[in-house]
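Everything on this sheet refers to the single structure shown next.
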C-alpha cells in the first residue's frame, strides 16, 4: 500500500516558531501550502482519504479536495495527530532549546527507547506515536488492500517519525507545510 502523507498548511504558531502538538493554531489566510500539495496529487486515485482530527489538518485536507474537485467522506483519526508535546505546547522553540536542550536533542534522534515524558509532563514518546499511526495504517491496509493508495493529511513530526523508522537520525527534520511524502507499507 502506498501512503501519501501531506503536512498541514502553515499556521500562526509555525510563523512564531511555537511547539504545537495537540494544541491547534489557526491556518494562515494567505497560506498556499494546500495548492502545492494538490498540484502534486493531481490524477492520483485514492482508495481512502483522511486526516488527523486536529483542525489544521482536516481544514488543509478539505482545501486540497476542493482544488482536486474530490468529494469524500470526512474521515478524521486521532491516530494521525501530531506528537503530544505536553507542557511544551505553545512554547517557543528557543525556550525549549534553552531550558530542555538535552531532552529535545534526544527526542530529535527519534530513539524509540527514549521517553521524554519522564522529564516533561505529557511529552509523548516516539515509540507511542509510531505505534498508533502504524497500527491505524495497517488497519486501513486490511480494509483497502495491498495495492491501494491512501491520502493522509497530518503533521510534521508524525511524518518524520514514520519516514525515519529504523534509521539512525542525528536530528530529525520536519517536512515543509504542504509537502507530500510517499511511503510504502
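Values quoted throughout were computed directly from the atomic coordinates according to the rules given, and no laboratory measurement underlies them. Predicted model, so just to flag it, every value in this text is computed and none were measured. Cβ sites come from the backbone with ideal geometry, for glycine too, and all protein chains shown count toward neighbours.
Structural remarks
- For the chain: rounded, prolate or oblate by the Cα gyration tensor [a/c cutoff 1.5]: oblate
- Between helix 126-144 and the chain: long-axis angle, C-alpha atoms, 0 to 90°, nearest 10: 10 degrees
- Cα-based shape type of region 72-165, given that a ≥ b ≥ c are square roots of the gyration tensor eigenvalues and the cut on a/c is 1.5: prolate
- Three-way shape call for region 129-185 based on the alpha-carbon gyration tensor, with the a/c threshold at 1.5: prolate
- Per-residue extension of 0.36 nm, minus the Cα-Cα distance of residue 92 and residue 139, leaves a gain of 13.4 nm for this segment.
- Cβ-derived FRET efficiency at R0 22 Å, residue 183 paired with residue 42, nearest 0.05: 0.65
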